[in-house]
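Engineer: Have a look at this one.
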Amino acid sequence: MSTALPWSNPARVATLLDALARRILVIDGAMGTMVQAHRLEESDFRGARFAGHDHDLKGNNDLLTLTRPDVIGDIHRAYLDAGADLVETNTFNSTSISQADYHLQPLVRELNFEAARLARAACAEAEAADPARPRFVIGVLGPTSRTASISPNVNDPGFRNTSFDELRLAYREAVAALIEGGADILMVETIFDTLNAKAALFAIDEVFQARGARLPVMISGTITDRSGRTLSGQTAEAFYISVAHARPLAVGFNCALGATELREHVEVLSRIAGCHVSAHPNAGLPNAFAEYDETPGHMAGLIGEFARSGLVNFVGGCCGTTPAHIAAIAEAVAGVAPRALPLAAVEGRAA
């Protein structure tokens with residue numbers, strides 16, 4: 001990824017880098033968990049605009065940006081009030097590939113633009129209330145519902161239901177709209193297939209080149225189980241090496257595992273990464289009902305140890321986490337020095 005391009009908003013990036021140099025920054029928690037707590041019905045997802053749509057829409061949480069912006073905005077505000085420095089856009093599935101499951105591919109640009117705009121408005125409110133504390137919008141690019149590296153058919157291992165170019169084009173559309181909507185940072189997250197992530201990073205660079213300016217980029221993979229590998233088979237070290245060419249602001253892990261299980265993999269990144277390190281794990285492992293039982297206090301204690309051990313620069317929560325979890329995590333890392341960047345990375349980032 002080219003780093004010769006100027007920042008889209010140099011003052012904003014300088015503010016972000018200054019904050020990172022002084023403290024550990026807190027990312028928000030789970031959007032899906034909070035949406036589920038509202039117990040919304042099909043009518044909430046449809047609204048008046050999609051009342052006659054030809055496909056069931058319940059479960060398409062990204063669509064709520066358009067049909068229930070009050071719900072999504074309130075979730076952003078709840079996380080900011082809890083102490084989050086960064087909120088993620090409600091765009092985990094806002095690509096044409098994922099929205100095809102609901103027959104809503106034409107909405108992709110609008111979903112990303114409006115989600116970024118909604119998050120930006122919430123951050124602006126928080127900054128107005130506390131001007132000394134900047135808040136940032138992370139434009140989220142999820143993994144999509146397909147994988148470029150693995151066949152979905154066990155009887156045909158050579159089959160793929162997507163391609164690098166299909167993913168690249170889908171991500172490019174989303175990236176452009178997130179930037180236009182006001183994202184400060186882009187994050188390729190919950191990466192289970194690094195080839196998908198490479199398509200996203202390629203698309204990001206294409207958009208940057210077309211705009212003549214760039215945003216900071218975060219990359220967050222997923223260790224899918226206790227084997228210590230991503231779904232496409234990479235260890236933490238291999239994952240980092242395969243995406244480091246993008247010169248990201250941060251590399252980390254989220255989802256799939258709780259903090260206890262994720263710690264060793266975050267420690268690996270902390271030892272080898274020439275950039276910042278992030279961790280936003282689940283609230284423990286899911287129980288028999290696919291729910292998460294880890295309390296805010298217990299999870300904060302674990303992540304607080306990450307911080308005191310010098311492993312992280314960004315922390316937050318994924319599945320099962322709530323504003324209560326984020327408030328406890330923010331308190332646990334307050335006043336703890338962030339992980340120090342290697343000197344070469346600090347010098348290179350000034351360019």
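Just so it is clear, none of the values below were taken in a lab; they were calculated from the coordinates. All figures in this text were calculated on a predicted structure; none of them were measured in a lab. Glycine also receives a Cβ, built like all others from the backbone with ideal geometry; neighbour counts cover every protein chain displayed.
Engineer: Determine which residues of the range 244-285 fall in the zone a paramagnetic label at residue 298 would reach in this model, i.e. backbone nitrogen under 17 Å from the point 7 Å along Cα→Cβ.
Structural biologist: 256-263, 281-285
Engineer: For the range 120-137 and the range 9-24, what is the separation of their C-alpha centers, rounded to whole Å?
Structural biologist: The two parts, judged by their Cα centres, are 14 Å apart.
Engineer: Something else about it: Using a Förster distance of 25 Å, how high is the FRET efficiency between residue 211 and residue 271, based on the Cβ-Cβ distance and rounded to 0.05? If you can, show how the numbers build up before the last one.
Structural biologist: Values: r = 35 Å, r/R0 = 1.39.
Computed FRET efficiency for residue 211 and residue 271: 0.10.
Engineer: Restricted to Cα positions, what overall size does the range 30-105 have along the principal axes? Three whole-Å values, descending.
Structural biologist: The Cα atoms of the range 30-105 stretch 41, 24, 17 Å along the principal axes, largest first.
Engineer: So if R0 is 41 Å, what FRET efficiency would residue 153 and residue 340 give, r being the distance between their Cβ atoms, rounded to the nearest 0.05?
Structural biologist: On the way: r = 47 Å, r/R0 = 1.14.
That pair, residue 153 with residue 340, gives E of 0.30.
Engineer: Calculate the FRET efficiency for residue 163 and residue 18 from the Cβ-Cβ distance with a Förster distance of 51 Å, rounded to the nearest 0.05.
Structural biologist: Numbers: r = 41 Å, r/R0 = 0.80.
That gives a FRET efficiency of 0.80.
Engineer: Over the range 254-323, calculate the relative contact order: mean separation of alpha carbon pairs under 8 Å at least 6 apart, over the residue count, as a percent. Can you show the working numbers first?
Structural biologist: Values: 101 pairs, mean separation 28.7, N = 70.
Result for the range 254-323 is 41 percent.
Engineer: So if each residue of separation counts as 0.36 nm, and I subtract the Cα-Cα distance between residue 289 and residue 48, what length gain in nm does that give?
Structural biologist: Working: separation 241, 0.36 × 241 = 86.76 nm, distance 3.31 nm.
The residue 289-residue 48 span can extend by a further 83.4 nm.
Engineer: Residue 133 to residue 229: extension gain in nm, 0.36 nm per residue of separation minus the Cα-Cα distance? List each step's numbers first, then the result.
Structural biologist: Numbers: separation 96, 0.36 × 96 = 34.56 nm, distance 3.68 nm.
Between residue 133 and residue 229, full extension yields 30.9 nm more.
Engineer: Could you work out the relative contact order of the chain? I mean the mean sequence separation of Cα pairs under 8 Å and 6+ apart, divided by the number of residues, in percent.
Structural biologist: Details: 725 pairs, mean separation 68.2, N = 351.
Once divided by the residue count of the chain, the mean separation gives 19 percent.
Engineer: Ignoring chymotrypsin sites (Phe, Trp or Tyr not before Pro) that are buried or in helix or strand per DSSP, and keeping those with at most 15 other beta carbon atoms within 10 Å, what is the longest stretch of the chain between them? It would help to have the intermediate numbers written out before the result.
Structural biologist: Details: sites that count: 159, 289.
For chymotrypsin sites (Phe, Trp or Tyr not before Pro) (loop position, at most 15 other Cβ atoms within 10 Å), the longest site-free span of the chain is 1-158.
Engineer: Can you work out the Karplus-derived ³J(HN,Hα) for every residue in the range 60-69? Use 6.51 cos²θ - 1.76 cosθ + 1.60 with θ = phi - 60°, whole Hz, and x for glycine or proline.
Structural biologist: Going residue by residue, I get 7, 4, 5, 5, 5, 4, 8, 9, 9, x Hz, with x marking Gly and Pro.
Engineer: On to the next question. Could you work out [θ]222 nm for the chain from helices alone, using -39500 (n - 2.57) per DSSP H run of at least four and dividing by all its residues? Round to the nearest 500 deg cm²/dmol. Write down the numbers at each step before the final one.
Structural biologist: Values: 14 runs with 158 residues, N = 351.
Estimated from H runs of four or more residues: -13500 deg cm²/dmol.
Engineer: For the range 129-264, calculate the relative contact order in percent as a whole number, restricting contacts to Cα pairs under 8 Å that are 6 or more residues apart.
Structural biologist: Details: 210 pairs, mean separation 32.1, N = 136.
So the answer I get is 24 percent.
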